[in-house]
Amino acid sequence: MKNIVLFGPPGAGKGTQSEFLVEEFGFIHLSTGDIFRYNILNKTDLGVLAKKYMDEGRLVPDSLTIDMLKSEFVKYVDPLGFLFDGFPRTEAQATALDRFLAQEDLRITAMLGLEVPDEELMSRLLERGKVSGRPDDANSEVIKNRLAIYYKETAVVQRHYENQGKYIAVNGVGSVKQISSVLKAEIGQF
Ligand code: B4P
């Protein structure tokens, strides 16, 4: 069973590439961003709490995020594998993920990190903001805040998996198809 973390800064293409990887490998796709947005749309208690953080480009607090991810994870019996998209985003989340996978005698196979320069991220997210209606893509100040938080709190998660010999860097600039071929080849080797 392969369990993959798809990693990278906001706008790196995690959500975009996840669709292709799910189709190829039959993964259960757990995207914390998507789950939060679903909760916001349905005005659940979790959605109401998460919205104020997400709209400002801040991370939702670890305790809420970890509990939510765990409750999604336990819904699946005998999956082919999990694709974690947008999680973990802090050292505490990475430690919690390792711990609850270990309780099920599972582990992360690899972290694939999409590497994209900041200027490209900014232009992708502003472009998406024109059509998505997502408040966190609406203007360059919120996006700058998301990037700053990524470098301050999330980039360390790469080291967490590097220390386990599981980090694989992937160039996230190029056509969506080219990038997905590289990701598939990397995952295929396990
Ligand atoms: P997410 O939903 O995870 O999404 P994202 O950071 O916007 O980026 P993603 O990399 O998925 O981008 P995409 O493929 O769509 O996070 C949103 C928010 O949720 C966070 O800021 C935070 O508040 C909260 N959150 C989520 N998880 C959390 C956690 N674990 N802890 C705490 N808070 C959490 O691509 C972006 C754009 O680029 C798209 O328009 C796409 O079409 C385009 N694109 C993709 N690939 C391209 C390519 N190769 N070339 C050109 N354009 C490309």
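The values are calculated or read from the model by the stated rules, or taken from the named source; none is laboratory data. Since this is a predicted model, take the numbers as computed values, not measurements. Cβ atoms come from the backbone with ideal geometry, glycine included; neighbour counts cover every protein chain shown. Accessible surface is based on the protein model in full, side chains and every heavy atom, while ligands, DNA and RNA are left aside. Shrake-Rupley method; radii C 1.70, N 1.55, O 1.52, S 1.80 Å.
Give me a count of the residues in region 165-182 that are within 10 Å of the ligand (Cβ to nearest atom) and open to solvent by less than 50 Å² (accessible area, probe 1.4 Å).
Step one: of region 165-182, the residues within 10 Å of the ligand (Cβ to nearest atom) are 171-180.
Filter again for open to solvent by less than 50 Å² (accessible area, probe 1.4 Å), leaving 172, 174, 179-180.
Summing the residues that are within 10 Å of the ligand (Cβ to nearest atom) and open to solvent by less than 50 Å² (accessible area, probe 1.4 Å) in region 165-182 gives 4.
Table: residues versus (1) within 18 Å of Y150 (Cα to Cα); (2) crowded, with 19+ Cβ neighbours inside 10 Å; (3) without any contact (Cβ under 8 Å) to a residue 12 or more places away in the chain.
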{"position": "R58", "(1), (2), (3)": "yes, no, no"}
{"position": "L64", "(1), (2), (3)": "no, no, no"}
{"position": "K75", "(1), (2), (3)": "no, no, yes"}
{"position": "D78", "(1), (2), (3)": "no, no, yes"}
{"position": "L83", "(1), (2), (3)": "no, yes, no"}
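Filter region 6-28 for residues that are open to solvent by 50 Å² or more (accessible area, probe 1.4 Å) and touching a residue at least 60 places away in the same chain (Cβ under 8 Å); which is nearest to the ligand (Cβ to nearest atom)? Give the steps one after another, and end with the answer.
To start, the set of residues in region 6-28 that are open to solvent by 50 Å² or more (accessible area, probe 1.4 Å) comprises 16, 19-20, 23-24.
Subset that is touching a residue at least 60 places away in the same chain (Cβ under 8 Å): 16, 20, 24.
Details: T16: 4, F20: 11, E24: 16 Å.
Checking each candidate, the answer is T16.
Can you tell me which condition N139 does not meet? The list is (1) more than 26 Å from K184 (Cα to Cα); (2) touching a Ser or Thr at 6+ places or on another chain (Cβ under 7 Å), and all the others hold.
All conditions are met except number (2).
Within region 134-145, which residues are open to solvent by 30 Å² or more (accessible area, probe 1.4 Å), assigned to a helix (DSSP H, G or I) and either under 17 Å from R89 (Cα atoms) or not polar (S, T, N, Q) (or both)?
Of region 134-145, the ones open to solvent by 30 Å² or more (accessible area, probe 1.4 Å) are 134-135, 138-141, 144-145.
With assigned to a helix (DSSP H, G or I) added as a condition, the list becomes 135, 140-141, 144-145.
Matches in region 134-145: P135, E141, K144, N145.
Output the residue which, of all residues in region 92-133 that are over 15 Å from the mean Cα position of the chain (by Cα) and not in a helix (DSSP H, G or I), is modelled with the lowest pLDDT.
Applying the filter and picking the extreme gives G133.
So for region 23-34 (the condition being under 29 Å from E162 (Cβ atoms), charged (D, E, K, R) and within 17 Å of the chain's Cα centre (by Cα)), does at least one residue qualify?
We begin by selecting, within region 23-34, every residue under 29 Å from E162 (Cβ atoms); these are 23-34.
With charged (D, E, K, R) added as a condition, the list becomes 23-24, 34.
From the residues that got through so far, the ones that are within 17 Å of the chain's Cα centre (by Cα) too are 34.
Checking region 23-34: at least one residue is under 29 Å from E162 (Cβ atoms), charged (D, E, K, R) and within 17 Å of the chain's Cα centre (by Cα).
Criterion first (assigned to a loop (DSSP other than H, G, I, E, B) and surrounded by 20 or more Cβ atoms within 10 Å (Cβ to Cβ)) does R89 satisfy it?
It is true that R89 is assigned to a loop (DSSP other than H, G, I, E, B) and surrounded by 20 or more Cβ atoms within 10 Å (Cβ to Cβ).
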